[in-house]
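The values are calculated or read from the model by the stated rules, or taken from the named source; none is laboratory data. These numbers come from a predicted model, not from an experiment. Neighbour counts are summed over all protein chains in view; Cβ atoms, including those assigned to glycine, are modelled from backbone coordinates with ideal geometry. Only protein heavy atoms, including side chains, enter the accessible area calculation; ligands, DNA and RNA are left aside. Shrake-Rupley method; radii C 1.70, N 1.55, O 1.52, S 1.80 Å.
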Amino acid sequence: MKKILLYFAMLLLAIPATAQEDAGSLLLGYCNETPFSGMVLGGARRESFVCVKFDEEFTKQYAGCQVSSVSVCMAGIVGKTAGVWIAEELPVEVPYMSNPADRTSDDYYKMATGNYKGYAYHFPYEGWMDVSKGQDLAWKWVEQPLDNAYTIQSGVPFYAGFRVFVAPGSTSNAVVALENGGTDPRCYVYFPDSQDHWCPLAQTNMSEYGSNLMIKVRVSGGALPTNDISLLAVQGDEFLKTGEKYDYRCVVRNSAANVVKSFDVSYSLDGVLQTTKTLTAEKGFAYNENAGFTLEGISFATPGEHEISVTVSAPNGIEDIHPEDNTQTLKLTVYNAADALPRNVLVETFTGITCSNCPGAHEREAEAFKDLDVIMVTHHSGYYDDVFTTDADKSFTWFYNGGTFAPAIMMDRTNPNSFYSTGYYGPVFLPAAPSEIRSVYDTLANVPTTVDVKLSASYTPSTRQLSVTVSGDVLSDPLAADPRLNVWLTESNLKAVRADGKPLAQSGSSLGENYIHNNVFRLTLTPTWGDKADLSGTTYERTYTCTLDESWKPENMEIVGFLANIDGADCNNCRVLNAAKMAVADASIVDGISRQQTTVNCQQSTVRDLQGRIVSASNGRGVVLVGSKKVLK
């Protein structure tokens, strides 16, 4: 029988809780707690409206309860006032000015200077907040009481929204923060110049960034749900050695009004129930609080694909009203230690010359890897294109699986959600603190692999011809449906210059024009998504040849070779199997090329999608981080 050890601990969030919860009220919405980006509405639009629809299903569940306040997480504020509101019907058209010809009665001016009581239009239920402190409220949840509470009616949807006004002389307005998630169709933005005015956020270009409006309502009353828990995560190793024991950390959340003091836990291995146990805690955990427990000593005797499935139930011994979110299943790969080879992690970063936060990220990455000789490639994509951007760099933004941003990092093309953080829809994530960057690297470095990558090269200075041979051993099937071999060239110690030779300064760095760019992606000797690799035997080998561009300095260049799975339908199923690098300066010097080789023209590259079709260049849109947040450009 496996042992279950219970511990209770509040999980640290990026922002604090919006308000103290009790059994008499719940703060509810369709977003999570942590802001990821901000939405800007600018130009001539002086007043901005956004809202969330609380649909029929919601109102049936909370019928008879009252909404006493609206909470919003703001991305930045200009002006002095902002308002929250509730309405059962969205206004067809909001009058912006009572008298546009008279500045003393101009509604824009009144709102921006704090005179909201003189405004011509009001919602049935609303409350006003003082935002004169401006940035002191940015990226924080703000709960604003309504002047009058709203009573929820069964089956009658309502809208909870936020309005903010641009100060005189201002030209843009950051409205509310956005979470990082799939865009919910219940999020709306008001466009005064459009025919229908209210547009679902999912139908705007904001949907490219996979974001939801961060708006919640406080609901109180006797009809609140009383017993509802959810299992948020099962975290632990996904690759296990046969016969060794592993622990799995589980996180459960209280999603209802009653304090949870006990609940049941059961888990299965490969569909076979192992145990069920009731866990108790004297103090319990309240609404929206998280608790943790650990499953200890999980082991498997045979290699192959396995799974662990964990279920929580019966909060306080009572049937859970929403059991559909009570189970999490984690896929596992079990292997024999004798079948594993040393792994080298491939680190890919995304950056840009105009990205002001990228130099800081590069410093954090350097600190994280200061004691390692990391295999690193830098793509100048994900933000605006620059002089280092190639068509292949643009294609690799597919790994974001949504809107792009910079700075960004990807390791072994593996989504880190299961062991690092949640919220990323692809393998690309934000490079945070050096310790967090390193934790992802160390976790991936311990992932077993059954293939290795070895590089050898020869170089002819008179012709600038480079020949690269990639080979390796295959101990067993690497469990990759479509393994591909990739060979790239990078260059370091570069300063950015325009085509006319004029220098380009790096944004966000005091070095400006003297900023040094390293590990810059120059060329793929293989197709963009790699050459199909036959790993059915015990070894493999392939040779490629190219001529280096006259502007490239061989002494500053490296060859990067790696094997990776490719899945055109799922960027989270493209894990790197192993990688290697070598300096071009370490290549043997020869007078000519005698072997039969595959020749690649270094100055021309056809970019194809994952199905082999020729594709066009990306549109160049992106996101740059401002502070710890990102602002759409």
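Some observations on this one:
- Among the residues of region 299-327, the ones that are open to solvent by less than 60 Å² (accessible area, probe 1.4 Å) and in a strand (DSSP E or B) come to 9 in all.
Table: residues versus (1) part of a strand (DSSP E or B); (2) over 30 Å from Pro359 (Cβ atoms); (3) over 30 Å from the mean Cα position of the chain (by Cα).
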| site | (1), (2), (3) |
| --- | --- |
| Ala481 | no, yes, no |
| Asn486 | yes, no, no |
| Ser510 | no, no, no |
| Glu513 | no, no, yes |
| Ser536 | no, yes, yes |
| Tyr540 | yes, yes, yes |
| Thr545 | yes, yes, yes |
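- Applying the set (1) open to solvent by less than 20 Å² (accessible area, probe 1.4 Å); (2) in a loop (DSSP other than H, G, I, E, B) to Val377 leaves exactly one unmet item: (2).
- Some residue of region 459-474 being assigned to a loop (DSSP other than H, G, I, E, B), touching a residue at least 40 places away in the same chain (Cβ under 8 Å) and aromatic (Phe, Trp, Tyr): no
Per-residue answers, yes or no, for (1) under 16 Å from Asn180 (Cβ atoms); (2) among the small types (Gly, Ala, Ser); (3) part of a helix (DSSP H, G or I); (4) open to solvent by 10 Å² or more (accessible area, probe 1.4 Å):
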residue: Gly382; (1), (2), (3), (4): yes, yes, no, no
residue: Asp386; (1), (2), (3), (4): no, no, no, yes
residue: Lys394; (1), (2), (3), (4): no, no, yes, yes
residue: Arg438; (1), (2), (3), (4): no, no, yes, yes
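- Restricting Gly508, Gly537, Gly568 to residues that are in contact with a strand residue (DSSP E or B) (Cβ under 8 Å, 6 or more places away or on another chain), modelled with pLDDT under 95 and open to solvent by 30 Å² or more (accessible area, probe 1.4 Å) narrows the list to Gly537.
- Single residue of Lys216, Lys283 found to be among the basic types (Lys, Arg), under 30 Å from Gly38 (Cα atoms) and either open to solvent by 30 Å² or more (accessible area, probe 1.4 Å) or in contact (Cβ under 8 Å) with a residue 40 or more places away in the chain (or both): Lys216
- Lone unmet requirement of (1) at pLDDT below 75; (2) open to solvent by 30 Å² or more (accessible area, probe 1.4 Å); (3) part of a strand (DSSP E or B) for Tyr188: (1)
- Of everything in region 488-507 that is part of a loop (DSSP other than H, G, I, E, B) and among the aliphatic types (A, V, I, L, M), the residue that is farthest from Tyr544 (Cα to Cα) is Ala505.
- As a summary of the residue check, Val468 satisfies the conditions (1) in contact with a Gly (Cβ under 7 Å, 6 or more places away or on another chain); (2) open to solvent by less than 10 Å² (accessible area, probe 1.4 Å) except for the one numbered (1).
- Among residues of region 238-250 that are free of Cβ contacts under 8 Å to residues at least 60 places away in the same chain and open to solvent by less than 40 Å² (accessible area, probe 1.4 Å), those with a beta-carbon under 9 Å from a residue that is among the charged types (D, E, K, R) and not in a strand (DSSP E or B) at least six positions away or on a different chain give the pairs Tyr246/Asp237.
- When Phe405 is tested against (1) of a type in the set (Phe, Trp, Tyr); (2) in contact with a strand residue (DSSP E or B) (Cβ under 6 Å, 6 or more places away or on another chain); (3) under 19 Å from Ala569 (Cα atoms), just one condition goes unmet, and that condition is (3).
- Selection from region 445-491 of residues that are farther than 17 Å from Thr526 by Cα and among the aromatic types (Phe, Trp, Tyr): Tyr459
- Test: residue in region 401-409 that is surrounded by fewer than 17 Cβ atoms within 10 Å (Cβ to Cβ) and within 13 Å of the chain's Cα centre (by Cα): yes
- Any hit, region 220-232, residues being modelled with pLDDT of 85 or more, under 26 Å from Asn417 (Cα atoms), open to solvent by 20 Å² or more (accessible area, probe 1.4 Å) and not in a helix (DSSP H, G or I): yes
- Scanning region 418-433 finds one or more residues that are more than 20 Å from Asp237 (Cα to Cα), in contact (Cβ under 8 Å) with a residue 24 or more places away in the chain and loosely packed, with under 15 Cβ neighbours inside 10 Å.
- Identity of the residue in region 251-273, open to solvent by 40 Å² or more (accessible area, probe 1.4 Å) and of a type in the set (Val, Ile, Thr), that ends up farthest from Asn288 (Cα to Cα): Val272
- Number of residues in region 39-71 that are modelled with pLDDT of 75 or more and either of a type in the set (Gly, Ala, Ser) or touching a Cys at 6+ places or on another chain (Cβ under 9 Å) (or both): the value is 10.
- Matching residues, region 548-560, being assigned to a strand (DSSP E or B) and in contact with a Ser or Thr (Cβ under 7 Å, 6 or more places away or on another chain): Met557, Glu558, Val560
- Search result, residues across region 332-371 that are assigned to a loop (DSSP other than H, G, I, E, B) and either open to solvent by less than 60 Å² (accessible area, probe 1.4 Å) or small (Gly, Ala, Ser) (or both): Asn336, Ala340, Arg343, Val345, Thr351, Gly352, Ile353, Cys355, Ser356, Asn357, Phe369
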